[in-house]
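Notes to accompany the following structure.
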Amino acid sequence: MSAPAAVAAQPGAAPPDARALEVLRRHGDHTSGFLAFNDETSHFFVDGLEGFVAYRTAGRRHAIQLCGPFGPPEERGALLDGFGAWARAGGRRVTAVQLTRDDAPAYAARGFAVNQLGSSYSVELDGFGLRGTRFMKLRNKLKRAKRLGVTVHELDGGELGSPAVERELEAVDAAWLRGKGRIARELTFMVGERAGRGAPHRRVAVARHAGRIVCYVTYSPCFGSRPGWLYDLTRRRPDSPPGTVELVFATMVERLRDEGCRWLHLGFTPFTAIAPENELPGAASPLVGRFVRFLGEHGGALYPARDQEKFKLKWAPQVVEPEYVAFEGRPSVGAVFQLMRVTRAI
């Protein structure tokens with residue numbers, strides 16, 4: 001039997017993008033699931049099944065999957081098998097990233113090497129506040145940003161479509177990237193994006209200082225058992241006042257909570273909260289485990305994981321969950337290299 005192809009919607013069905021978005025709404029029980037709707041990410045469908053697999057090809061021999069299959073629980077095994085058959089037919093090996101603890105056993109059962117890659121963080125907004133001594137420094141930082149004249153508001157539809165606002169946001173992007181150094185590149189695939197096909201569904205909050213936008217944050221919708229928003233893409237000018245990002249965060253927390261939103265998800269950070277008890281017995285690669293721990297301790301130049309973790313922990317997230325990477329067969333240098341290329345880590 002030939003391998004299934006990555007198919008578009010059938011005649012009379014919804015277009016592929018609309019179909020994928022509806023699957024995410026119905027079955028996207030992953031806090032970073034909306035990243036599957038990024039512009040350059042493809043969607044693998046199997047005829048007769050509702051769900052899809054999100055992926056990007058890498059080089060000639062690899063396919064990088066984002067999250068587990070999206071679809072009804074009873075379909076996910078078939079979606080994974082179909083995607084694996086399609087990849088093998090094209091001479092590609094699958095590497096999957098940002099798998100949840102519930103996703104991971106299905107990959108281990110199919111012979112993948114599965115290791116914890118990092119953790120995701122979530123804040124339950126019901127009852128959340130910044131009272132108490134543990135938040136004293138944070139409250140002082142917010143007060144200082146306000147005294148310096150920083151203001152925060154969410155862009156409305158008219159502002160998001162304004163060429164003048166777009167130029168300001170692009171200027172923030174450019175200043176942020178320059179501040180990272182000459183060889184810095186903007187990461188992709190496992191982080192959100194401001195534009196693209198998902199833009200109509202995101203929210204954008206901006207901070208202004210001295211008459212210009214100095215920082216913005218995008219929020220992507222989250223579905224499933226903990227619906228809410230993903231605090232996603234953060235960009236700020238290096239010369240923005242201290243506390244600017246925190247003020248955006250705190251202002252939007254209040255707004256979301258007032259709207260009745262229960263969860264604000266802070267997203268995935270690689271190489272953090274790694275723990276032996278999170279590994280799947282018999283499935284973890286010792287080599288990958290050592291590599292992940294090494295990057296967690298010494299990989300700050302490659303990715304500022306500790307800085308991100310510190311920022312997320314200051315908000316006292318109630319939920320910290322492991323996320324996994326899975327390599328088909330034995331992990332290889334080529335698979336790691338292509339994963340880093342797809343994410344633009346190198």
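No value in this document is a laboratory result; all are computed from the given coordinates. This structure is a prediction, so every number in the text was calculated from the model and none was measured. A quick note on method: Cβ atoms are made from the backbone with ideal geometry, for glycine too, and the neighbour counts reach across all protein chains shown.
Largest GNM mean-square fluctuation among GLY289, GLY33, GLY129, using the chain with Cα springs under 10 Å: GLY129. Entry note, the chain: relative contact order of 27 percent, from Cα contacts under 8 Å with a spacing of 6+ residues.
Identify which of THR151, THR234, THR133 has the largest mean-square fluctuation in a Gaussian network model of the chain, with springs joining Cα atoms closer than 10 Å. It is THR133. A quarter of the convex hull surface defined by the alpha-carbon atoms of the stretch 138-243 gives 8.1 nm² as the mean projection.
Model label sites at GLU254 and ARG178, defined 7 Å from Cα along the beta-carbon direction, differ in position by 3.3 nm. Distance between the pseudo-spin-label points of ARG60 and ASP39 (7 Å out from Cα toward the beta carbon): 2.9 nm.
Across the alpha-carbon set of the chain, the Rg to Rh ratio works out to 0.97, Rh being the Kirkwood radius. Amide hydrogen proximity for VAL214: with H placed 1.01 Å from N in the peptide plane, the residues at 5 or more positions away or on another chain lying under 5 Å are ALA207, ARG208, HIS209.
Distance from the C-alpha centroid of the stretch 193-215 to that of the stretch 260-281: 26 Å, rounded to the whole angstrom. The orientation-averaged projected area of the convex hull spanned by the Cα atoms of the stretch 183-326 comes to 11.1 nm². Farthest toward the positive end of the dipole of the chain, out of GLY111, LEU155, GLY282, is the Cα of LEU155, where the dipole comes from beta carbon charges about the Cα centre.
With only the Cα atoms considered, the stretch 1-151 has a convex hull volume of 192 Å³ per residue. Its Cα gyration tensor gives the stretch 201-253 an equivalent ellipsoid; the semi-axes, largest first and in whole Å, are 24, 10, 8. Inter-part distance, the stretch 32-72 to the stretch 221-258, computed on C-alpha centroids, equals 27 Å. Using only Cα atoms, tell me the angle between helix 76-89 and the longest principal axis of the chain; keep it within 0 to 90° and round to the nearest 10. Between helix and principal axis, roughly 70 degrees. Across the stretch 155-163, computed HN-Hα scalar couplings (Karplus, 6.51 cos²θ - 1.76 cosθ + 1.60, θ = phi - 60°) run 5, 8, x, x, 5, 5, x, 7, x Hz from first to last residue, x flagging Gly and Pro. Highest GNM mean-square fluctuation among LYS312, LYS180, LYS146, for the chain modelled with Cα contacts below 10 Å: LYS180. Put simply, the amide H of HIS62, placed in the peptide plane, has neighbours under 5 Å in ARG93, leaving out anything fewer than 5 places away on its chain.
Near GLU323, the amide H atoms lying under 5 Å from its own belong to LEU117, GLY118, SER119, SER120; only residues 5 or more places off or on other chains count, and H is placed 1.01 Å from N.
Using R0 = 51 Å, the C-beta based FRET efficiency linking ASP17 and ARG147 works out to 0.65. To the nearest ten degrees, helix 286-298 and the longest principal axis of the Cα atoms of the chain are 10 degrees apart.
Once the chain from ARG344 to LYS137 is taken as fully extended at 0.36 nm per residue, the excess over their C-alpha distance is 71.1 nm. In the stretch 123-267, Cα pairs under 8 Å separated by at least six residues give a relative contact order of 32 percent.
Taking the C-alpha atoms only, the angle from helix 333-342 to the longest principal axis of the chain is near 40 degrees.
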